[in-house]
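Contents: one structure, followed by commentary.
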Amino acid sequence: MQAPTVNNATAVSIDDRATALTRARYQRISPIYDLLELVTERRFRRWRKKLWQLVRGPEILEVGVGTGKNIEYWPVHSEITAIDLTPGMLDIARNRAMRLDWDVDLRLGDVQSLEFPSASFDTVVATCVFCSVPDPVLGLREIGRVVRRGGQVVLLEHMRVNVPVIGVMMDALNPIIVQLWGANINRRTLENIRVAGLHIEQVENLDPMGMFKLIVARS
């Protein structure tokens, strides 16, 4: 049987300038990223734990691993591969993995063009990633490609609030937030998941306004 090949066809569709700009923004703040999120991480810790309790292996891909804040929740006896767009973030994640005694495949990678054969993983996980991916639908389609048929896609994402006044305010503020931070605050991620061809099985609001959601989908 011929070995599966990596699908690089999506590469021609990537906005290289937008991707480079996203990488540069996160590279710039990577040394202080954990400090910037020190207060909000108190809330995120319980959400991260809840997400990883849903994850099934054994072969798992985490996209947008960042500084490795999820590592302490990774399920034991699993084979973890983790990617991030930014070298500075990965350096911190590698140090964290070493401290936690995790032997993990950490590599530079772009979710918009994953360098893995199709149907490589049982589960793909992302936490607050698709707010900053230049083409979120393209990234979600790539996730759908590399996860095995019937496999899990488990996401923790923030998105535009479906309340008229607040939603409009988020739209107005979004260009400023993107310039400062690199993340969009008005992404319609549930719609993007459906457009990408993934089948949503579960959505749980994690805050009263429904800005943060825990999502389980299938390929």
Of the residues that sit in the range 181-219 and are polar (S, T, N, Q) and not in a strand (DSSP E or B), which one is farthest from PRO136 (Cα to Cα)? SER219
Kindly establish whether ARG17 is surrounded by fewer than 12 Cβ atoms within 10 Å (Cβ to Cβ), assigned to a helix (DSSP H, G or I) and at pLDDT 90 or above. yes
What is the one condition in (1) closer than 26 Å to ASP16 by Cα; (2) open to solvent by 20 Å² or more (accessible area, probe 1.4 Å) that ILE143 does not satisfy? (2)
I need the full set of residues from the range 84-112 which are among the polar types (S, T, N, Q) and surrounded by fewer than 20 Cβ atoms within 10 Å (Cβ to Cβ), in order please. ASN95
Is it true that GLU157 is open to solvent by less than 10 Å² (accessible area, probe 1.4 Å) and not in a strand (DSSP E or B)? no
Is it the case, given these coordinates, that SER120 is among the polar types (S, T, N, Q) and surrounded by 19 or more Cβ atoms within 10 Å (Cβ to Cβ)? no
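The values are calculated or read from the model by the stated rules, or taken from the named source; none is laboratory data. This structure is a prediction, so every number in the text was calculated from the model and none was measured. For neighbour counting, all protein chains shown are included, and Cβ atoms are generated from backbone atoms with ideal geometry for every residue, glycine included. Accessible surface areas use protein heavy atoms only, side chains included; no ligands, DNA or RNA. Shrake-Rupley method; radii C 1.70, N 1.55, O 1.52, S 1.80 Å.
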